[in-house]
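Student: Pasting a structure here, questions to come.
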Amino acid sequence: MRQALARGDLFTVAVDLFPTDTADFADFVLPTASFPEFGDLVASYFDLTLSAQVKATEPIGEALPNQEIFRRLAQAMGFTEPELYEGDADVIATVFDQTGLAETSASLATKGTVPISPEPLIQFEDCSFPTPSGRVEIASACAEADGHPRLPQPFVDSRPAATPLSGFLVGSERQLHERCRGR
């Protein structure tokens, strides 16, 4: 990845809240707004719920929400598809219309987190997988044919150096665990 990002012929624009390794390689870094700085919908990765992200403050400096950055980039590049220019409120209203989970952002904020489905949705419940064998494939001939390793490779980052904050976090986690256990 580093080799690819370091290419001289690559023009890279990063959109990020913090200076990251990727931003170090970027020709331009566009500052994005943080979560409390714009309204949005939040769909959980794990338990199929939807929540309102309520704007609490204005973005700092010239930071903008990602979706506004993308609208401005689309305009600068001359794209004309109307979907690229839909406002946030319109996109959120469309989600509400299609899901029936809430009437408005305000009503969702009042309800809190709502389940997307009344019954749990289980991926691959029928045990059918989109692989040549129809089963889970840990050793993959298809991956190997594409030039990847046949088996998953265990790559991990080295453990970060200890900092004064490290001990605080461990202590805080312990205290939280002890408080919750007592309930």
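Student: If you scan the stretch 37-49, which residues turn out to be in contact with a strand residue (DSSP E or B) (Cβ under 8 Å, 6 or more places away or on another chain) and over 22 Å from Gly100 (Cβ atoms)?
Tutor: Across the stretch 37-49, the qualifying residue is only Phe38.
Student: Just to be sure before I move on: is Leu30 of a type outside the set (Val, Ile, Thr), modelled with pLDDT under 90 and within 30 Å of Ile92 (Cβ to Cβ) in the structure I sent?
Tutor: It is false that Leu30 is of a type outside the set (Val, Ile, Thr), modelled with pLDDT under 90 and within 30 Å of Ile92 (Cβ to Cβ).
Student: For Phe25, state whether it is among the hydrophobic types (A, V, I, L, M, F, W, C), out of contact with any strand residue (DSSP E or B) (no Cβ under 6 Å at 6 or more places or on another chain), under 27 Å from Ile116 (Cβ atoms) and surrounded by 14 or more Cβ atoms within 10 Å (Cβ to Cβ).
Tutor: no
Student: So, one more: For the stretch 71-113, what are the residues that are among the β-branched types (Val, Ile, Thr), surrounded by 11 or more Cβ atoms within 10 Å (Cβ to Cβ), free of Cβ contacts under 8 Å to residues at least 24 places away in the same chain and in a loop (DSSP other than H, G, I, E, B)?
Tutor: Residue satisfying the conditions is Thr104 alone.
Student: Which residues, counting only those in the stretch 28-43, are open to solvent by less than 70 Å² (accessible area, probe 1.4 Å) and free of Cβ contacts under 8 Å to residues at least 24 places away in the same chain?
Tutor: Pro36, Val42
Student: Could you please let me know if Thr131 is open to solvent by 100 Å² or more (accessible area, probe 1.4 Å) and of a type in the set (S, T, N, Q)?
Tutor: Criteria not met by Thr131.
Student: If Gly61 meets every condition in (1) out of contact with any helix residue (DSSP H, G or I) (no Cβ under 9 Å at 6 or more places or on another chain); (2) farther than 28 Å from Leu30 by Cα; (3) not in a helix (DSSP H, G or I) apart from one, which number is that one?
Tutor: (2)
The values are calculated or read from the model by the stated rules, or taken from the named source; none is laboratory data. Since the structure is predicted, the reported quantities are computational estimates derived from the model, not experimental observations. Note that each Cβ is placed from the backbone with ideal geometry, even for glycine, and that neighbours are counted across all protein chains shown. For the accessible areas, the whole protein counts, side chains as well, though only heavy atoms, and no ligand, DNA or RNA atoms are used. Shrake-Rupley method; radii C 1.70, N 1.55, O 1.52, S 1.80 Å.
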